[in-house]
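Only the coordinates and a few stated rules stand behind these numbers; no lab work does. This is a predicted model, so every value here is computed, not measured. For neighbour counting, all protein chains shown are included, and Cβ atoms are generated from backbone atoms with ideal geometry for every residue, glycine included.
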Amino acid sequence: MKLLLKNGCPVDSRNEMPERVDILIEDEKIVKIAEEIEENNSKIINLDGAKILPGLIDMHVHLREPGYEEKETIKTGCEAAAAGGITTVAAMPNTDPIADNPATIELIKARAKEALVDVIPLGSITKGSSGKELAEIGFLSRSGVKGITDDGNPVMDSEVMRRAMEYARPFDLPIISHCEDLNLAAEGVMHEGFYSTKLGLKPIPAAAEEVMIARDIALADLTGASLHIAHLSTARGFELVKAARKNGINVTAEVTPHHLTLTDANLQDYNTAMKVNPPLRTENDRDVLIKAVGDGDLSVIATDHAPHTYEEKMGTIDSAAFGISGLETALSVLHHYLIREGKLDWNQITELMYYNPAEILKLNKVGLKSGAIADITIFAEKESWVVDTNKFKSQGKHSPYNNQELTGQVKLTIKNGNIIYDNRGGQAELIY
């Protein structure tokens, strides 16, 4: 059956459209976009002025499977993505076994075939993500990975990282770098500064991230490789990236919704949901990063969705695992804290969460236009809701926004022309 979306407000930074449109979908594709479409043989949904976005891409997601299914599975992680209006996720390789070989990549791809959204596998830079011996990068490329990373385990050896960049370049694979000097970070649990001193918690200095950003930029300059900095969190780190780009070095960077909306002051209640790596930084760091995404100087917003079991997140800040479950709240958080305040606009969201990640990962995405695959997110700006982690589709029930009221909510997620998430009637429903 054809699907006709009526009376929506399209958002697409690279395709001009009227302020209000109807969109006709048939056979997985958008077949027509116009101010008024009359179509009798179709299912009609009146959007009442809701935003229509290309289905969002999250290029930093931990699906945990294989090996850590008690934290998350490909199925549940993709359900969480659908509930957040995200139709494509890039799966980090820190699974068990590590995704450092084609067999594990093929396993992930096979299990993802039944998932609600597209799963793009990423491979490990080194064998076992040990940072010592390069993985078979050519074989990983042939198996379909769109980037390589040891995320969660920084490549401490500069010579190994240099060789990884040299090998990745002919395969046109970006190096996605978790920038953390483990010697400087030591056993820290939060940002080093006023609040770590006040709270008596082990600190992680900003320099632990920044010195590795500087190193990897230097190596990217040396090798000509494509470098992407994962979860950038400091003002000085951003300045390093900005200067490198100005000098023609092929480097991009991402920032998370939580680093754009929270600071180290939020840990004063010792809430383990606020414990994340890299840690929440200062108000100045946050404000600089907000300006950077608003000015177009940072390329991507990604969630770094990192689900854990209840037991792993309970207890003290010192003992709890690092990580936030971010797929289901990302777009609402960005709308509530940044778009409503005029610090970001919707066209910038499509660049940061659709076009730029697609370009970095070499995905063929063309947005909202006739003939395109119908991956679409419908977002109601005026709908308010209270975050309840117990209702998360993700198995990771930890969020710093739990019990907060957010303005703006994903109402529909459409994948390949089919509604996979429907939240219009007050009872959110996943549809296979």
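So which aspartates and glutamates can K365 reach, going by Cα to Cα under 17 Å and dropping same-chain residues fewer than 8 places off?
D12, E16, E28, D58, D118, E351, D375
For a 19 Å ceiling on Cα separation, which of these pairs sit above it: K75/K109; K6/K29; K146/K362; K343/K415?
K343/K415, as the Cα separations exceed 19 Å there.
Just to be sure I understand the model, the point goes 7 Å from the Cα along the line to the Cβ. What's the resulting E69 to S42 distance in nm?
Output for this residue pair reads 4.1 nm.
What percent does the relative contact order of the chain come to when contacts are Cα pairs within less than 8 Å and at least six residues apart?
Rounded, it is 19 percent for the chain.
Per residue of region 184-199, what does 6.51 cos²θ - 1.76 cosθ + 1.60 with θ = phi - 60° give for ³J(HN,Hα)? Whole Hz please, x for Gly and Pro, Karplus curve as stated.
6, 5, 6, 10, x, 10, 8, 4, 6, x, 4, 6, 5, 5, 4, 8
Please give the charge dipole size of the chain, origin at the Cα centre, charges +1 on K and R Cβ atoms and -1 on D and E Cβ atoms. Round to the nearest 20 debye.
360
For labels at N7 and N403 in the simple 7 Å Cα→Cβ model, what's the distance in nm?
3.8
Could you run the Karplus curve 6.51 cos²θ - 1.76 cosθ + 1.60 with θ = phi - 60° over region 267-275 and give me ³J(HN,Hα) per residue in whole Hz, x for Gly and Pro?
With the stated coefficients, region 267-275 comes to 7, 5, 8, 6, 7, 5, 5, 8, 8 Hz.
Output the relative contact order of region 349-431, whole-number percent, from Cα pairs under 8 angstrom with separation of 6+ residues.
About 25 percent, as a whole number.
Note the full-extension length gain between D96 and E133 as 0.36 nm times their separation in residues minus their Cα-Cα distance, in nm to one decimal.
11.6 nm
Collect residues whose amide H, placed 1.01 Å from N in the peptide plane, falls under 5 Å from the amide H of K29; neighbours closer than 5 in sequence don't count.
A374
Spelling out what I want: for every residue of region 341-346, take phi, set θ = phi - 60°, compute 6.51 cos²θ - 1.76 cosθ + 1.60 (Karplus), and round to whole Hz; glycine and proline get x.
These are the phi-based 3J(HN,Hα) values: 8, x, 8, 9, 10, 5 Hz.
Report the extension gain between S319 and A110 in nm, rounded to one decimal, defined as 0.36 nm multiplied by the number of residues separating them, less their alpha carbon distance. Show your work: numbers first, answer last.
Details: separation 209, 0.36 × 209 = 75.24 nm, distance 3.52 nm.
Separation in residues times 0.36 nm, less the Cα-Cα distance, equals 71.7 nm.
What net charge is computed for the residues neighbouring I175, neighbours being all others with C-beta under 10 Å from the C-beta of I175, Lys and Arg scored +1, Asp and Glu -1?
Net charge around I175: -1.
How many nm separate the modelled label positions at N266 and F171, each set 7 Å beyond the Cα in the direction of the Cβ?
3.6
What's the FRET efficiency of A34 with E187 using the Cβ-Cβ distance as r and R₀ = 41 Å, to the nearest 0.05? Walk me through the numbers on the way to the answer.
Working: r = 59 Å, r/R0 = 1.45.
So the FRET efficiency works out to roughly 0.10.
Can you give me the span-like helices of the chain, meaning DSSP H runs with 27 Å or more of Cα extent along the axis and Kyte-Doolittle mean at or above 0.0?
none
For D221 and E311 in one chain, what is 0.36 nm times their gap in residues minus the Cα-Cα distance, to one decimal in nm?
28.1 nm
Only Cα pairs under 8 Å and at least 6 apart count here; give the relative contact order of region 119-205 as a rounded whole percent. Before the final figure, lay out each step's value.
Details: 130 pairs, mean separation 20.7, N = 87.
Relative contact order here is 24 percent.
Enumerate the lysines that K198 could reach by cross-link, defined here as Cα to Cα under 29 Å, with residues fewer than 8 away along the same chain left out.
K275, K291, K313, K397
Quick query: amide H of G408 versus all other amide H atoms, modeled in the peptide plane; which residues come in under 5 Å with a sequence gap of 5 or more or a different chain?
E383, S384, W385
Across the chain, where is the longest run that never hits GluC sites (Glu not before Pro) in a DSSP loop with at most 16 other C-beta atoms within 10 Å?
No qualifying site falls inside 188-340, the longest such stretch.
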